[in-house]
Structures are given as C-alpha cells and as structure tokens.
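The structure appears right after this line, and notes come after that.
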Amino acid sequence: SAVISQKPSRDICQRGTSLTIQCQVDSQVTMMFWYRQQPGQSLTLIATANQGSEATYESGFVIDKFPISRPNLTFSTLTVSNMSPEDSSIYLCSVEARGPFNEQFFGPGTRLTVL
Amino acid sequence: DAKTTQPNSMESNEEEPVHLPCNHSTISGTDYIHWYRQLPSQGPEYVIHGLTSNVNNRMASLAIAEDRKSSTLILHRATLRDAAVYYCILRDGGGSNYKLTFGKGTLLTVNP
C-alpha cells in the first residue's frame, strides 16, 4: 500500500493568481498521476508524472496552465496557473502501487475555490 | 479505453446484499475489470479487480459474465460506511497503460 498526503487540503484564491499543490508519498513510486474533479463530476486525468522526465498531459490540459514537477520518487507538485473560477475543483494525486493488483492509491485531495 | 455503463444511483438497506451492475460490451481480451469507490470527501479507493473468473476479497466479490460483457460488484452486507460512488473501470492488462479512466459511476445510498 501507499500513504499519500497533499498540501494544502483546501484553499480559496483570487482569479489571476497561481497555486502549487504538493503530493507526498510514503514510499518510492515510479508513476504519479494528477486528477481533477469538478463539482459534482467524476475524476479526469490531467497528467502522468514520471521522475526524471517531462509530464505527459491528457487532451485538454497544457503545461503552461498546469506545470508539474517530479523531483524525486516520493514527491510531486501541480501548479494551477492564472486561475479563473472555472478552475474551482478538487485536485487529487495518485500513485501506482508496486504490487500484484496494480491498484492506484489516491491522496485526500485539495479543494480549490477561485473567486 | 473501452467504455463502461453503470446505473446513476442505487439504494440499499443496511445489512442487506447489494449488487452493482456494470456493462462493458466492447471489452477486449486483455482488459481487466477494476472497481474503485469514492467515499464522501475522500479520494477513490481500490475495491477489487478481475479478468475472467469471479473474485473475492475482504471488501467485496466480483462476478464476471461468461462473455465478459458485464460484471457485478457484490457487497455481501451493506453498511452505512459503504455509501459511496462506485466506479467500474476497464484497464488494459497489456503492461503500459496505467491510466484510470473514470466514468460517472453509481451513487450507492445505504438506508439504516
């Protein structure tokens, strides 16, 4: 299993500003993922972050808006840049477990409100 | 990714069994069937997965149709803590596809 923590747990931000969300895992993992969950919606994958390489973004998400860092095997950050009210969502990170089930473990999420 | 279809919502009574259906008629031979659930105000958590045979674990059972075009997640005795959104997801077992593609899931309500 993997235990994941995220900081901050929630934040209220002004439009036009940026917020960096941190994701910390208690074990070394190869792949980390960032998801967005808009109010009342399901999860949408933003990008996959591997240590030592550029993040891979899904369709509809770009690096200028959601830059990601992956400096080591236990940590990643997601920045939401130049925010607008449409960016109000829960942002979650997850990791792929090194186990027989290949299940993903999710962090508790960061609830972002943009005014 | 192959798509899945689930009912938007289901209701159950506490301590009764719950059968959550999922249709995946376009499933390929290498797709595994995964189930996750998301409790209120939490990130999703893994429940169970299978390929062809029925599977049991401490949380639930997974019954897979012989043609693999549908499956059913079974909670043997629902508790109030099982109230959550349940997601049925297909994952290619071919090695390099780590992505989870979430549909809308089924919102399970458990009545006391």
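The values are calculated or read from the model by the stated rules, or taken from the named source; none is laboratory data. Owing to the predicted nature of the structure, the values given are computational and were not obtained by experimental measurement. We place every Cβ from the backbone using ideal geometry, glycine too, and count neighbours over all the protein chains shown.
If the condition is being within 10 Å of the chain's Cα centre (by Cα) and away from chain B (no Cβ under 14 Å), then the stretch A:79-96 contributes A:Thr79, A:Val80.
Modelled with pLDDT under 95, assigned to a strand (DSSP E or B) and within 25 Å of A:Met32 (Cα to Cα): which single residue out of B:Tyr87, B:Tyr32, B:Tyr36, B:Tyr98 fits that description?
On the way: B:Tyr87 fails: modelled with pLDDT under 95; B:Tyr36 fails: modelled with pLDDT under 95; B:Tyr98 fails: assigned to a strand (DSSP E or B).
So the residue among B:Tyr87, B:Tyr32, B:Tyr36, B:Tyr98 that is modelled with pLDDT under 95, assigned to a strand (DSSP E or B) and within 25 Å of A:Met32 (Cα to Cα) is B:Tyr32.
Residues of the stretch A:34-63 that are of a type in the set (S, T, N, Q) and either part of a loop (DSSP other than H, G, I, E, B) or in contact with a Leu (Cβ under 8 Å, 6 or more places away or on another chain) (or both): A:Gln37, A:Gln38, A:Gln41, A:Ser42, A:Gln51, A:Ser53, A:Ser59.
Of all residues assigned to the stretch B:68-88, none qualifies as being over 19 Å from B:Val110 (Cα atoms), surrounded by fewer than 21 Cβ atoms within 10 Å (Cβ to Cβ) and free of Cβ contacts under 8 Å to residues at least 24 places away in the same chain.
One residue is enough: does the stretch A:38-48 have a residue meeting the conditions over 18 Å from B:His34 (Cβ atoms) and within 9 Å of chain B (Cβ to nearest Cβ)? Break it down into steps so the answer makes sense when it comes.
To start, the set of residues in the stretch A:38-48 that are over 18 Å from B:His34 (Cβ atoms) comprises A:38-41, A:46-47.
Cutting the leftovers down to within 9 Å of chain B (Cβ to nearest Cβ) gives us A:41.
Yes, the conditions are met somewhere in the stretch A:38-48.
For the stretch B:52-83, residues that are of a type in the set (D, E, K, R) and assigned to a helix (DSSP H, G or I) total 2. Could you tell me whether any residue of the stretch A:75-96 is among the aromatic types (Phe, Trp, Tyr), over 15 Å from B:Pro44 (Cβ atoms), in a loop (DSSP other than H, G, I, E, B) and in contact (Cβ under 8 Å) with a residue 24 or more places away in the chain? The answer is no; no qualifying residue exists. Scanning the stretch A:49-78 for residues that are surrounded by fewer than 20 Cβ atoms within 10 Å (Cβ to Cβ), touching a Ser or Thr at 6+ places or on another chain (Cβ under 6 Å) and within 14 Å of another protein chain (Cβ to nearest Cβ) yields one hit, A:Thr56.
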